[in-house]
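The values are calculated or read from the model by the stated rules, or taken from the named source; none is laboratory data. None of these values were measured; they are calculated from a predicted model. Ideal geometry is used to build each Cβ from the backbone, glycine not excepted, and the neighbour counts take in all protein chains shown.
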Amino acid sequence: MVYYFGKTKTEGKKATKAVLGGKGKNLAEMTSIGLPVPPGFTITTEVCDAYYKAGKKLPNGLMDDVHKAVKLLEKELKKSFGDDSNPLLVSVRSGAAVSMPGMMNTILNLGLNDVATEGLAKATKNERFAYDAYRRLINMYGDVVMGIEHEAFEEAFTKIKKKYKVTEDTEVPAEGLKELCDAYKAVYKKGCGEEFPQDPITQLQLAIEAVFGSWNADRAISYRRIEAAKGNSEIANLIGTAVNVQAMVYGNMGDDSGTGVGFTRDPNTGQNKFYGEFLVNAQGEDVVAGIRTPQPVSEMGKWDRKAHKELMEIKKTLEDHYTDMQDIEFTIEKGKLFMLQTRTGKRNGIAAVKIACDMVKEGLIDEKEAVRRVPASDLTHCLLPSFKPTARNAADVLCRGLNASPGAAVGKLAFTAEEARRRYEAGENVILVRRETSPEDVEGMSAAVGILTSTGGATSHAAVVARGWGKCCVAGAGDIHINEKAKKITVNGRTLTDKDTISLDGATGEVMAGEVETQEPKLAGDFAKLMTWADKYRTLNIRTNADSPADSKRARDFGAEGIGLCRTEHMFFEADRIIHMRSMILADTEDDRRAALKKLLPFQRKDFEGIFKAMKGLPVTIRLLDPPLHEFLPHDNSAQKEMATELGVKPAEIKKRAQALHESNPMLGHRGCRLSVTYPEILEMQVQAIVEAAINSAKKKIDAHPEIMIPLVGTSAELRILREKVEETIEATKSAKKFDGKLDIKIGTMIEIPRAALTADEVAEYADFFSFGTNDLTQMTFGYSRDDVGGFLPEYIENKILQIDPFQSIDQTGVGQLVSMGVEKGRSIKKNLKVGICGEHGGDPQSVRFCHEVGLDYVSCSPFRVPIARLAAAQAAL
Ligand code: PEP
Ligand code: MG
């Protein structure tokens, strides 16, 4: 249950992060490689689990083990708990296996009581310091362990400051702080009905329970839920937090002491330069809370050359040991440097790519490790839009803050987390503007497109959380004055309200008025290099879902090796086309339908020619019309009237047709291949357009490889009949065009109805390829309407009925079985049957891994997710 770390012994060297938590594991590891770490011990995450399982009771024997560890600590440091001349003091901190910045409780200076405070005053020859530490403990302990309002302590402090006629905390003399401790003890007693505990072991036990308790505080639960919803599956499976009890060292012992935090490389850009901040004469919490604005570590040498030099040496030792960028906390006590924490540094995707590539160059890791290192979904940060240079140059810059997390965010001002969330849910893009953020704000931060704070540094809460989420953040923009009540900010003489739009540049820290135009990203530099490494190792092909030449080209630029899904219905919605589509739908006879379809044909042919050209010889899977026809008709009166005028018919006629097409359950209605069975002329027009486009391309020496895909097949008979129809149309078109060259046209189907997966051996007889349409397959396997899940899915995930949103990441145990069965059965008839996936899941890293494992040939996803899929496919193969 308890692992000691210190000079005497380090027990946690081989224990895992799952058991010791990230912080505990790394404290043990740093101690074992000889870094200066204050000694202490870690209580495991399993104890937290046992605590909850026993109905919030510490397991038997835990406090005996804690006692033993304390004894060892006392012996090693030659100090003892509650001593009147040289007392031992400890910090008590949480630390789960996955970092949750600022979400759980911390208690400092534990072990102080009336006697030990005198002892500390003697030992440090600094009475003021000792009473300052004591009052901090009573306050923190009262607040964190006993839940006493912080305000009550503040009021007592204000009274003392008044009495001594000072305004700053630091100006209150020792005598005043002594009085303050008595006042705080009274606040404590009033707040919880008990005396402040004088026994350090009692303090320790309650503090341990408080840390375990904070594991299930609302804010911690929210944070885990948001992270899990973003696909962080590790966080969803944690069993609890560890507790780290560690001897205190002080950064607030005077001007030769200080404390700081930092990253061994820049977490925004990946530059190999120590990136951090420190505060002289302060405790760690002061830096992270963003209350005082710290100085950059690059200035630290001017203050203490030796400590700065040692810190830079530790940077190298840590990176050599962990072979990764680290996020550290350190304290300097009277000129002596101590390491309090190290962990793998959170970084955005841009930095992740640069650091991985640089570390290959530096010989710290190899290419394969670089490919494994970068979380595939974090590549979205490399694919973020940025501001157009011309628009940026012309922008109206309001002020500049710290470039805390890159990106280009444009939105209206929102002043509280609650407001940000509400307006986001109403469909608005908002930027959350706060003096500083705290863990209570995470829901609003998640809802906002960008975060702007007026105080706090690059390692403040806002910056750390935003960076972890790849969200644009500008921190510490000191020129901004926020009036939360009036929903106003003033900045350099100008006033903006919640109705005003601003633009944030997270890369430069600039805050601009109005909407600044953005531009699309490019695949170049280190990003391109990492992609070529990924391509070396992956075995899955990556295609894209695209239905226009522009999207096709973009996807090719991102490395797509073909189109896996061209949804032809998207080609019917433009104004000059929809009119023909609508007259086709209104037609009463086949002849009239054919006449309308004839007008659509040239549009389709031209689109296909454009796509073939853009894809330069790569395969293009074209899906025949899929949605129910009523989707193409307007439903409100005025739009129906407008359509009637356009088509020269009576509005009543349109209403009648719309009513006739109405279905109670359109997703299970007259759609997909059922349309082609009942209206074969639609299929004929589409196939004719595809073949003519292929012939025209061949004439222009453009290599075209269309693959005709029939959607929503549930029985092999549907595919048999439609395949025959497609083949007939291909032949008829070739002979009408007098084309006797060879065309490479494959005919296949989507597997998106459970019955098709179950009978895939029968279906495969008529298919050259399968493509799993996992959107519909998920809808029909779960029986959840994909358009209506918003009503219950969030609650399902919150209550852990479902671990993930099955429309985002494939449900491997259920839907996944149908996929693997479909592959097996299909290939039992046709050994080389080509099989892919084109549902949304094709761009989700965990689903890509699954597709690799069940032996698919390719995944197909939207153009912007192509690089993510390339990397995820390589990670699955490694
Ligand atoms: C699917 O169902 O997975 C699919 C790709 O088709 P659509 O989303 O167009 O229904
Ligand atoms: Mg579908």
Problem set entry | Condition broken by Glu731, with the remaining ones in (1) part of a helix (DSSP H, G or I); (2) crowded, with 19+ Cβ neighbours inside 10 Å satisfied | (2)
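Residues Gly258, Gly270: which one is small (Gly, Ala, Ser), outside the structural domain of Thr42 (by TED's automatic domain parsing) and out of contact with any strand residue (DSSP E or B) (no Cβ under 8 Å at 6 or more places or on another chain)?
Of Gly258, Gly270, the one residue that is small (Gly, Ala, Ser), outside the structural domain of Thr42 (by TED's automatic domain parsing) and out of contact with any strand residue (DSSP E or B) (no Cβ under 8 Å at 6 or more places or on another chain) is Gly270.
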For this session: Working only within the range 766-784, note down all residues that are out of contact with any helix residue (DSSP H, G or I) (no Cβ under 6 Å at 6 or more places or on another chain) and away from ligand 1 (no atom under 12 Å from the Cβ).
Result: Ala767, Asp768, Phe769, Phe782, Gly783, Tyr784
For this session: Considering each residue of the range 326-362, count those that are farther than 18 Å from Arg467 by Cβ and not acidic (Asp, Glu), and give that number.
Result: 14
Seminar exercise, completed: Here the qualifying pairs (Cβ atoms under 7 Å; residues six or more apart or on different chains; first in the range 762-773 and in contact (Cβ under 8 Å) with a residue 40 or more places away in the chain; second assigned to a helix (DSSP H, G or I) and within 13 Å of ligand 2 (Cβ to nearest atom)) come out as Val763/Ala756
Exercise. Within the range 848-863, is even one residue more than 24 Å from Ile622 (Cα to Cα), within 16 Å of ligand 1 (Cβ to nearest atom), among the small types (Gly, Ala, Ser) and modelled with pLDDT of 95 or more?
Worked result: no
For this session: Examine the range 683-696 for a residue that is within 16 Å of ligand 1 (Cβ to nearest atom), under 45 Å from the mean Cα position of the chain (by Cα), assigned to a helix (DSSP H, G or I) and of a type outside the set (Ser, Thr, Tyr), and state whether such a residue exists.
Result: yes
Exercise. Taking the range 817-840 as the region of interest, how many residues are under 24 Å from the mean Cα position of the chain (by Cα) and in a helix (DSSP H, G or I)?
Worked result: 1
Exercise. So, of the residues in the range 779-804 that are within 23 Å of the chain's Cα centre (by Cα) and either among the β-branched types (Val, Ile, Thr) or within 16 Å of ligand 2 (Cβ to nearest atom) (or both), which turns out to be farthest from Val859 (Cα to Cα)?
Worked result: Ile801
For this session: Quick one: which residue in Glu168, Glu149, Glu154 is closer than 21 Å to Leu206 by Cβ, surrounded by fewer than 17 Cβ atoms within 10 Å (Cβ to Cβ) and not assigned by TED's automatic domain parsing to the domain that holds Val280?
Result: Glu149
For this session: Kindly indicate whether Asp844 is away from ligand 2 (no atom under 16 Å from the Cβ), closer than 27 Å to Ala376 by Cα, surrounded by fewer than 23 Cβ atoms within 10 Å (Cβ to Cβ) and not hydroxyl-bearing (Ser, Thr, Tyr).
Result: no
For this session: Could you list, in sequence order, all residues of the range 288-336 that are farther than 18 Å from Lys346 by Cα, hydrophobic (A, V, I, L, M, F, W, C) and not in a loop (DSSP other than H, G, I, E, B)?
Result: Val297, Met300, Trp303, Ala307, Leu311, Met312, Ile314, Ile332
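In the set Lys825, Lys800, which member is away from ligand 1 (no atom under 15 Å from the Cβ) and closer than 30 Å to Arg225 by Cβ? Let's see the steps before the verdict.
Working: Lys825 fails: closer than 30 Å to Arg225 by Cβ.
Being away from ligand 1 (no atom under 15 Å from the Cβ) and closer than 30 Å to Arg225 by Cβ holds for just one of Lys825, Lys800, which is Lys800.
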For this session: Pairs only if they're at least six apart or on different chains, beta carbon under 7 angstrom, first in the range 521-537 and of a type in the set (Gly, Ala, Ser), second part of a helix (DSSP H, G or I); list them, first residue then second.
Result: Ala534/Val371; Ala534/Arg870; Ala534/Leu871; Ala534/Ala874
Problem set entry | Pairs where the first residue, in the range 108-119, is under 15 Å from Glu179 (Cα atoms) and the second is crowded, with 24+ Cβ neighbours inside 10 Å and among the aliphatic types (A, V, I, L, M), C-beta under 8 Å, 6+ apart | Thr117/Ala130; Thr117/Ala133; Glu118/Ala130
Exercise. Of the residues that sit in the range 803-822 and are within 27 Å of Glu443 (Cβ to Cβ) and touching a residue at least 60 places away in the same chain (Cβ under 8 Å), which one is farthest from ligand 1 (Cβ to nearest atom)?
Worked result: Gln803
Exercise. Quick one: how many residues across the range 496-520 are closer than 21 Å to Phe558 by Cβ and surrounded by 16 or more Cβ atoms within 10 Å (Cβ to Cβ)?
Worked result: 1
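Could you check, for the range 211-228, whether at least one of its residues is outside the structural domain of Pro806 (by TED's automatic domain parsing), part of a loop (DSSP other than H, G, I, E, B), farther than 30 Å from Phe81 by Cβ and within 30 Å of the chain's Cα centre (by Cα)?
no
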Exercise. What about Met571, is it surrounded by 21 or more Cβ atoms within 10 Å (Cβ to Cβ), aliphatic (A, V, I, L, M) and away from ligand 1 (no atom under 16 Å from the Cβ)?
Worked result: no
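Conditions (1) free of Cβ contacts under 8 Å to residues at least 24 places away in the same chain; (2) crowded, with 21+ Cβ neighbours inside 10 Å, marked per residue:
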site: Met1; (1), (2): no, no
site: Tyr4; (1), (2): no, yes
site: Thr10; (1), (2): yes, no
site: Lys14; (1), (2): yes, no
site: Lys23; (1), (2): no, yes
site: Asn26; (1), (2): no, yes
site: Gly40; (1), (2): no, yes
site: Thr44; (1), (2): no, yes
site: Tyr52; (1), (2): no, no
Exercise. Does the range 289-304 contain at least one residue that is under 26 Å from the mean Cα position of the chain (by Cα) and farther than 26 Å from Leu379 by Cβ?
Worked result: yes
Exercise. Which of the residues that make up the range 684-727 are among the polar types (S, T, N, Q) and touching a residue at least 60 places away in the same chain (Cβ under 8 Å)?
Worked result: Gln686, Gln688, Asn696, Ser697
Problem set entry | Single residue of Arg372, Arg421 found to be basic (Lys, Arg) and either more than 26 Å from Lys522 (Cβ to Cβ) or in a loop (DSSP other than H, G, I, E, B) (or both) | Arg421
For this session: Sort out which residues of the range 729-765 are of a type in the set (A, V, I, L, M, F, W, C), over 18 Å from Ser828 (Cα atoms) and more than 14 Å from ligand 1 (Cβ to nearest atom), and write them in order of number.
Result: Ile730, Ala732, Ala736, Phe739, Leu743, Ile745, Ile747
Seminar exercise, completed: Quick count over the range 28-38, residues being part of a loop (DSSP other than H, G, I, E, B), surrounded by 18 or more Cβ atoms within 10 Å (Cβ to Cβ) and without any contact (Cβ under 8 Å) to a residue 60 or more places away in the chain, is 0
For this session: Collect the residues in the range 179-208 that are crowded, with 16+ Cβ neighbours inside 10 Å and within 15 Å of Val66 (Cα to Cα), keeping them in residue-number order.
Result: Pro200, Gln203, Leu204, Gln205, Leu206, Ala207, Ile208
Exercise. Looking only at the range 841-857, which residues are in a helix (DSSP H, G or I) and among the acidic types (Asp, Glu)?
Worked result: Glu853
Seminar exercise, completed: Ala376 passes all but one of the listed conditions (1) closer than 21 Å to Val866 by Cβ; (2) at pLDDT below 90; the exception is number (2)
Problem set entry | the range 734-766, residues that are closer than 21 Å to Ile542 by Cα and buried (at least 18 other Cβ atoms within 10 Å of the Cβ) | Ile745, Ile747, Gly748, Thr749, Met750, Ile751, Glu752
